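Heads up: the structure comes next, in structure tokens.
The values are calculated or read from the model by the stated rules, or taken from the named source; none is laboratory data. This structure is a prediction, so every number in the text was calculated from the model and none was measured. Backbone-built Cβ (ideal geometry, glycine too); neighbour counts: all protein chains shown. For accessibility, only protein heavy atoms count, side chains too; no ligands or nucleic acids. Shrake-Rupley method; radii C 1.70, N 1.55, O 1.52, S 1.80 Å.
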Amino acid sequence: MERFEVTGGAPLSGEIKISGAKNEALKVIPFAVLVKGAFVIKNIPDIADIRTQLEIFKDLGGKYEFSGNILHLDGANVNKSNLGGGLATKLRASIVYAGVLLSRFKSVTIPFPGGCAIGRRPIDTHMQAFLDLGAKQIKENDNYILSFKNFKSKSISLLEQSVTATENVLMFLSGFDDEFVVKNCAIEPEVDDLVRIINNAGAKIKKNGRTFTIRGNCELRLSEEEIIPDRIEAFSYLVAFIVTGGNGTITNFPSRHMKHPLQVLKKCKANFQISQNKLEVFENDFLDPFRIKTGPYPDFPTDMQSPMSLIAAKAQGKSQIKETMFENRLGYITQLKKMGLQARIKNRQTVEIVGGNKLKGAEIDSLDLRSGITLILAAMMASGKSTINNAQIIDRGYENIVGKLTKIGALIKRND
Ligand code: EPU
């Protein structure tokens with residue numbers, strides 16, 4: 001098990017640059033299965049989940065080269081549509097191979113995908129959408145086998161506004177020379193930008209509210225694309241500066257995708273200014289408490305609720321966080337309580353936090369990606385030393401975490 005050792009109290013200052021969006025990059029890789037020929041994608045974060053998604057691509061017969069955040073992909077030789085085996089069970093985004101493989105080979109075998117343990121994370125929305133479109137499904141041992149001959153319907157509605165289900169279905173349909181409608185879609189910025197790339201490849205996807213109309217294309221081609229910055233990483237580092245009382249600059253900052261969470265921080269009296277893609281943050285010792293409830297975009301993102309617990313820890317008064325997307329995403333509160341956080345979980349999904357007391361260093365366990373980064377930030381604002389176990393979970397989604405935080409003055413090192 002890898003660990004981070006963090007000594008709290010160091011003042012942060014300097015500049016930090018946001019990497020590409022994990023939750024877009026993870027979907028562009030499977031899209032290469034449908035694209036004819038090689039292409040290049042820039043701004044891909046070098047994180048563990050991307051490496052796993054690339055290994056799956058290679059296992060299917062795809063070719064890639066990845067260095068300096070530039071990814072060359074070529075899906076011409078993909079010759080397998082079976083995702084069985086260990087890799088796909090390591091991350092949630094492996095499910096997105098289902099749509100592209102089904103579109104290209106008309107059959108696919110997939111296991112139940114893995115990913116962070118933040119709740120049940122069912123795949124019924126994905127499966128129902130493929131069934132509604134005309135696919136047949138068999139469950140064999142731990143695998144789902146989907147096959148497809150003809151469309152039963154060309155207009156469907158998703159059960160949930162699921163990010164990966166929306167992407168799965170849009171990519172599936174983008175490979176057919178025909179017209180479709182998909183309702184009740186997710187409209188997260190990463191979905192929007194993936195749609196931009198699919199359209200650049202030759203499809204015509206239009207969004208009207210949560211309804212997408214799609215004109216697919218069986219000759220999809222791309223040359224060079226660049227993905228958007230990671231809004232969740234951006235938010236994590238902004239909170240790092242705020243809770244440690246730091247002053248600094250965050251570049252490549254995607255403020256246009258972060259309206260709601262930035263409004264909440266402003267209301268708490270966090271002190272920052274945005275100009276174009278740069279955010280400058282200034283020390284402010286007095287923060288106001290807040291109440292937030294997570295929800296699909298444009299509501300408050302579930303991936304940003306755990307860092308908000310630290311704003312609550314610093315604010316004068318009682319704050320409330322309500323998680324509505326996943327059943328098990330407040331586990332980090334138990335870890336923060338070991339550091340002295342005054343918090344009460346009211347009903348598995350809601351936590352009340354009374355701020356104003358300084359956190360103390362402790363040995364804590366990172367439970368999932370977003371709670372992991374929250375614990376690192378908590379250790380940075382606490383007095384004394386902390387050990388954060390299961391460091392490798394944080395490597396799944398944060399590029400060069402030790403290097404980036406050290407550059408802005410944090411005292412953090414990794415121990416095996
Ligand atoms: N849902 C269903 N059935 C499904 C799929 C989803 O009921 O078949 C429900 C979920 O239980 C949840 C809601 O729909 O209540 C939304 O889940 P969604 O499918 O949108 O989540 P996801 O696609 O599995 C992506 C991100 C998550 C992020 C969520 C919400 C990727 C790889 N993951 O997950 O990111 O929290 O959307 O925005 O894109 C992370 O980066 O740490 C992370 C967990």
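List pairs: first in segment 319-331 and in the same structural domain as K346 (by TED's automatic domain parsing), second part of a strand (DSSP E or B) and near the ligand (Cβ under 8 Å from one of its atoms), Cβ under 9 Å, 6+ apart or cross-chain?
Qualifying pairs under 9 Å: none.
Looking at segment 273-282 only, could you name the residues that are open to solvent by 10 Å² or more (accessible area, probe 1.4 Å) and either part of a helix (DSSP H, G or I) or among the hydrophobic types (A, V, I, L, M, F, W, C) (or both)?
I274, F282
Looking at (1) assigned to a strand (DSSP E or B); (2) among the hydrophobic types (A, V, I, L, M, F, W, C); (3) out of contact with any helix residue (DSSP H, G or I) (no Cβ under 6 Å at 6 or more places or on another chain), which is the only condition V108 fails?
(3)
Give the residues of segment 125-174 that are assigned to a loop (DSSP other than H, G, I, E, B), touching a residue at least 24 places away in the same chain (Cβ under 8 Å) and either open to solvent by 20 Å² or more (accessible area, probe 1.4 Å) or of a type in the set (D, E) (or both), sorted by residue number.
Residues satisfying the conditions are D142, K149, F151, K154, L159, E160, Q161, S162.
Hey, any hits in segment 323-343 for a residue that's assigned to a strand (DSSP E or B), of a type in the set (S, T, Y) and farther than 25 Å from N389 by Cα?
No - not one qualifying residue is present in segment 323-343.
What do you reckon, is D285 open to solvent by 20 Å² or more (accessible area, probe 1.4 Å) and among the acidic types (D, E)?
yes
When residues of segment 175-187 are filtered for being within 16 Å of the ligand (Cβ to nearest atom) and open to solvent by less than 20 Å² (accessible area, probe 1.4 Å), how many remain?
Here the count works out to 3.
Inside segment 107-127, can you point out the residues that are touching a Leu at 6+ places or on another chain (Cβ under 9 Å) and either at pLDDT below 95 or more than 8 Å from the ligand (Cβ to nearest atom) (or both)?
S107, V108, T109, I110, P111, P113, G114, G115, C116, A117, I118, D124 - these are the residues of segment 107-127 that are touching a Leu at 6+ places or on another chain (Cβ under 9 Å) and either at pLDDT below 95 or more than 8 Å from the ligand (Cβ to nearest atom) (or both).
Search segment 196-211 for residues being closer than 11 Å to V181 by Cβ and more than 23 Å from the chain's Cα centre (by Cα), and hand back the single one that is surrounded by the fewest Cβ atoms within 10 Å (Cβ to Cβ).
My answer is N208.
Got a number for residues in segment 85-113 being touching a residue at least 12 places away in the same chain (Cβ under 8 Å) and open to solvent by 30 Å² or more (accessible area, probe 1.4 Å)?
10
Of the conditions (1) in the same structural domain as A315 (by TED's automatic domain parsing); (2) more than 20 Å from D192 (Cβ to Cβ); (3) in contact (Cβ under 8 Å) with a residue 60 or more places away in the chain; (4) of a type in the set (D, E), E280 fails just one. Which one is it?
Going through (1) in the same structural domain as A315 (by TED's automatic domain parsing); (2) more than 20 Å from D192 (Cβ to Cβ); (3) in contact (Cβ under 8 Å) with a residue 60 or more places away in the chain; (4) of a type in the set (D, E) one by one, E280 breaks only (3).
Out of curiosity, is K293 within 16 Å of K358 (Cα to Cα), open to solvent by 10 Å² or more (accessible area, probe 1.4 Å) and at pLDDT 95 or above?
The answer is no for K293.
Any residue that is touching a strand residue (DSSP E or B) at 6+ places or on another chain (Cβ under 6 Å), open to solvent by less than 40 Å² (accessible area, probe 1.4 Å) and not in a strand (DSSP E or B) - is there at least one of those in segment 25-41?
Yes, there is a match, as at least one residue in segment 25-41 is touching a strand residue (DSSP E or B) at 6+ places or on another chain (Cβ under 6 Å), open to solvent by less than 40 Å² (accessible area, probe 1.4 Å) and not in a strand (DSSP E or B).
Based on what the data block shows, is Q392 surrounded by fewer than 24 Cβ atoms within 10 Å (Cβ to Cβ) and modelled with pLDDT of 95 or more?
So Q392 does not fit the description; no.
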